[in-house]
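Participant: Attaching a single structure in structure tokens format; questions to follow.
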Amino acid sequence: MSSAGLGKTYADGEVIVRQGETGDCMFAIQKGQLEVVKHSKDGEARVAVLEEGEIFGEMAIFEREVRSATVRALGEARVLTVDKKTFLRRIQEDPSLAFNLVQMMSRRIRRLSGEIADLRPGSVPRSQDTLALTEAERQIERRKRPDRRVNSDRRTGERRRGTERRGVASASAKKD
Amino acid sequence: MKLGARTGGQSRGIATYFEEASERLALEDGSRVGVIGGGPAGSFFAYFALKMARSAGIDISVDVYEARLFDQRGPAGCNHCGGVVSESLVQLLATEGINLPPTVVRRGIESYVLHTDVGRVLINTPLEEKRIAAVYRGNGPKESEPVEIAGFDRFLLDLAISAGANVVRKLVTGFDWDHGRPQIMTPDGAESTYDLVAVAAGVNSHIVKTLNSRDADYQPPETLRAFISEFHLGEATINECLGNSMHVFLLDLPRLEFAALIPKGEFATLCLLGDDVDEELIESFLATREVKACFPGNVVPAPVCHCFPRINVRAAVRPYADRIVWIGDSGVNRLFKDGIGSAYRTAKAAAKTVVFRGISRADFERGFWPECRNLIMDNWIAKLIFGVTTLIQRVRFLRRGVLRMTALEQQREGRKRLMSSVLWDVFTGSAPYKEILLRTFHPMFPLRLAWNLVAGNVVRTKEQGVREEAQ
């Protein structure tokens, strides 16, 4: 990656945060993709793929809990650290700084609620129309970003669709 | 019939409230906002005002008056500035969802090199991460090759456009009042009346001086002349000579307050701040051994581009009135550092005020002015800190002690970086000056400094990382 980018460059598979560790910062993805992996006694499971522009690790800013999952690079990625101290100092003077974070967390809660509803026994899986709408919403979000990269978005979209297909298949299999 | 007159007593208060509310100056659906200047302050203001108004359910329109699109190389597309986005601002923008892409960041800065006549020391960021952005305000220096880059100001203006701002590519030639509402005039004779005008024209524009504002006690900020120049070195030479470090000079030269060499792509930007920088000061600075050592073959090449912009060194008086607010450089700024950060802070404070409070003088007094006052108070502390920095610049005995203490902190893993963190934040402008001052009250700080003053001047051991050069 060029000298022009901000943040720290992580190689494919390199861990940015580890589940169970204490944290005092959050992160903003500058370039590339990251995967969020949850470890349990049954092994590890990928719970999400994070994209360029997304923020993660914000729970460490607001509560004194350990990291809830491991996040590692999916291909080469560049990530910027946001210090808890810098953020909390500024948020005292400008509470509206939290607005973007609240919006992002709200979107995540909405998505997780949908996924939980799909996984409950007897629930009707979300239709392809609903999934298409979710993808359309994501595309609108991506368009809002000032630095758009068509190729990266296309690649990302393909990966996402693959992930979602697997998600639907897995949900159906569980119901069966 | 007045509610208060009919019901009397406590209701009078309610009636007064409603009367005041009906007369309140506030933005409402269909309100028009004019912004003079499309630099960082103007673009941030337009972006946040539109975003906040949308979240509050108010439909407003924002016109940003900016004759340039910042896509020309050289002075025509440039806003004459060192072009450093501070560590704290990079983080805050990321939190706001504004990430600076590599096409805008010409180099990510991960360390500082402090040059003095008694040696130099490398100060690394604790996380070893590039969190300071070296950017061009325009589209690169004069004579630079056209490349796939975007200027920082263009990036922010695009951001404002994406939020719904309309850019009016005209110079503002006049300003007046039309039945109590601000009016902007352009060279084609057009006159546009607005509900609110935000002035973000900087201190180098004629419009700040010519603005006449009825009922406004506004007085423009005091300024000093700075010097900025660009040297073409090529990317390989930059990597070899300067790397990803910003080079800061603490040299005993009269009238020099601060000097920095900032690597950017194929160029290095030299930024000199001081008491009215002139040719004589520039020549004596470029002739020093410490500066020459930063260039290949110890020879300073001829600059390809240079300018003498004025910088805000004392806040404007009362930068607000009914329906008008001054933001960025034309209002209040941090002393010598983080001008873009100050633009972000004052622009956002003004945007919050106009959307959630109102646009009267009293609203700005309560919502916008506290943010400005914080910056002004911090600048008083900055004067004290820069006074100490000047003392260190003048007294070699002090320079040796400071340099030794910093070098040892950088070498030893796990050692609390007291002096390094103070110098880092003084140079980067990342933390408020008050916080920097408080850090020097750490009990170990004076003890360690005293020991290093003795050891650096009497014992005179030579640690790795400190290059003491014979005079």
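Participant: Just checking, does region B:245-262 include any residue being within 24 Å of the chain's Cα centre (by Cα), assigned to a helix (DSSP H, G or I) and modelled with pLDDT of 90 or more?
Facilitator: The answer is no; no qualifying residue exists.
Participant: Is at least one residue of region B:316-326 over 25 Å from B:LYS383 (Cβ atoms) and of a type in the set (Asp, Glu)?
Facilitator: Yes, that holds for at least one residue.
Participant: Something else about it: Counting only residues that are more than 20 Å from the chain's Cα centre (by Cα) and charged (D, E, K, R), which one in region B:99-127 is farthest from the other protein chains (Cβ to nearest Cβ)?
Facilitator: In this case the residue turns out to be B:ASP117.
Participant: Regarding region B:330-348, can at least one residue be identified that is surrounded by 21 or more Cβ atoms within 10 Å (Cβ to Cβ), within 14 Å of chain A (Cβ to nearest Cβ), small (Gly, Ala, Ser) and touching an Asp or Glu at 6+ places or on another chain (Cβ under 6 Å)?
Facilitator: No.
Participant: Related question: Consider B:ALA343 carefully, then state whether it is more than 29 Å from B:VAL248 (Cα to Cα) and either in contact (Cβ under 8 Å) with a residue 40 or more places away in the chain or assigned to a helix (DSSP H, G or I) (or both).
Facilitator: Answer is no for this residue.
Participant: Moving to a separate point now. Only residues that are touching a residue at least 60 places away in the same chain (Cβ under 8 Å) and within 14 Å of chain B (Cβ to nearest Cβ): list them for region A:25-53, please.
Facilitator: A:MET26, A:GLU51, A:GLU52, A:GLY53 - these are the residues of region A:25-53 that are touching a residue at least 60 places away in the same chain (Cβ under 8 Å) and within 14 Å of chain B (Cβ to nearest Cβ).
Participant: Next up: Every residue in region B:81-98 that is crowded, with 24+ Cβ neighbours inside 10 Å, β-branched (Val, Ile, Thr) and more than 7 Å from chain A (Cβ to nearest Cβ), please.
Facilitator: B:VAL84, B:VAL85
Participant: Would you be able to say whether some residue in region B:282-291 is at positive phi and in contact with a Lys or Arg (Cβ under 8 Å, 6 or more places away or on another chain)?
Facilitator: no
Participant: Still on this structure: Give B:GLY367, B:GLY297 a once-over and let me know the one that is surrounded by fewer than 24 Cβ atoms within 10 Å (Cβ to Cβ), outside the structural domain of B:PHE175 (by TED's automatic domain parsing) and not charged (D, E, K, R).
Facilitator: B:GLY297
Participant: Only one of B:ALA431, B:ALA470 is of a type in the set (A, V, I, L, M), surrounded by fewer than 16 Cβ atoms within 10 Å (Cβ to Cβ) and modelled with pLDDT under 90. Can you tell me which?
Facilitator: B:ALA470
Participant: Continuing with this model, one more query. Identify all residues within region B:349-371 that are over 21 Å from B:VAL62 (Cβ atoms) and within 12 Å of chain A (Cβ to nearest Cβ); write none if there are none.
Facilitator: B:PRO370
Participant: Search region B:128-139 for residues being assigned to a loop (DSSP other than H, G, I, E, B) and facing chain A (nearest Cβ under 9 Å), and hand back the single one that is surrounded by the fewest Cβ atoms within 10 Å (Cβ to Cβ).
Facilitator: For region B:128-139, the residue satisfying everything is B:GLU128.
Participant: Look through region A:57-95, keep the residues that are within 14 Å of chain B (Cβ to nearest Cβ) and of a type in the set (S, T, N, Q), and return whichever of them is nearest to A:ILE16 (Cα to Cα).
Facilitator: A:THR81
Participant: Could you please find all residues in region A:68-93 being among the acidic types (Asp, Glu) and crowded, with 18+ Cβ neighbours inside 10 Å?
Facilitator: A:ASP83
Participant: What's the number of the only condition in (1) at pLDDT below 90; (2) more than 28 Å from B:TRP424 (Cβ to Cβ) that B:PRO301 fails to meet?
Facilitator: Every condition holds for B:PRO301 apart from (1).
Participant: Of everything in region B:214-244 that's within 14 Å of chain A (Cβ to nearest Cβ) and small (Gly, Ala, Ser), which residue is surrounded by the fewest Cβ atoms within 10 Å (Cβ to Cβ)?
Facilitator: Out of the qualifying residues, it is B:ALA236.
Participant: Please note which helices (runs of 4 or more DSSP H) are completely contained in region B:352-465 and include at least 3 residues that are hydroxyl-bearing (Ser, Thr, Tyr).
Facilitator: B:418-428
Participant: Which one of the conditions (1) within 14 Å of chain B (Cβ to nearest Cβ); (2) polar (S, T, N, Q); (3) farther than 29 Å from B:LYS352 by Cα does A:THR22 fail to meet, given that it meets all the rest?
Facilitator: Going through the list (1) within 14 Å of chain B (Cβ to nearest Cβ); (2) polar (S, T, N, Q); (3) farther than 29 Å from B:LYS352 by Cα, A:THR22 breaks only (1).
Participant: Determine whether region B:70-80 contains at least one residue that is within 11 Å of another protein chain (Cβ to nearest Cβ), in contact with a helix residue (DSSP H, G or I) (Cβ under 9 Å, 6 or more places away or on another chain) and either more than 15 Å from B:ASP195 (Cβ to Cβ) or without any contact (Cβ under 8 Å) to a residue 24 or more places away in the chain (or both).
Facilitator: No - not one qualifying residue is present in region B:70-80.
Participant: I've got another one for you. Quick check: anything in region B:203-211 in a strand (DSSP E or B), touching a strand residue (DSSP E or B) at 6+ places or on another chain (Cβ under 6 Å), crowded, with 16+ Cβ neighbours inside 10 Å and not hydrophobic (A, V, I, L, M, F, W, C)?
Facilitator: no
Participant: Can you find a residue in region B:245-259 that is over 30 Å from B:SER360 (Cβ atoms), within 14 Å of another protein chain (Cβ to nearest Cβ) and in contact (Cβ under 8 Å) with a residue 24 or more places away in the chain?
Facilitator: For region B:245-259, residues over 30 Å from B:SER360 (Cβ atoms), within 14 Å of another protein chain (Cβ to nearest Cβ) and in contact (Cβ under 8 Å) with a residue 24 or more places away in the chain: present.
Participant: Next question, about the same structure. Can you name every residue in region A:71-112 that is part of a helix (DSSP H, G or I), in the same structural domain as A:ILE29 (by TED's automatic domain parsing) and touching a strand residue (DSSP E or B) at 6+ places or on another chain (Cβ under 8 Å)?
Facilitator: A:LYS84, A:PHE87
Participant: Next up: For residues in region A:20-70 being among the charged types (D, E, K, R), in a strand (DSSP E or B) and within 16 Å of A:ARG108 (Cα to Cα), which is modelled with the highest pLDDT?
Facilitator: A:GLU35
Participant: Only one of (1) over 30 Å from B:PHE364 (Cβ atoms); (2) touching a strand residue (DSSP E or B) at 6+ places or on another chain (Cβ under 7 Å); (3) assigned to a loop (DSSP other than H, G, I, E, B); (4) of a type in the set (Asp, Glu) fails for B:ASP217. Which number is that?
Facilitator: (1)
The values are calculated or read from the model by the stated rules, or taken from the named source; none is laboratory data. Computed from a prediction, not measured in an experiment: that's the story for all the values here. In this analysis, Cβ positions are derived from the backbone assuming ideal geometry, glycine residues included, and neighbour counts consider all displayed protein chains.
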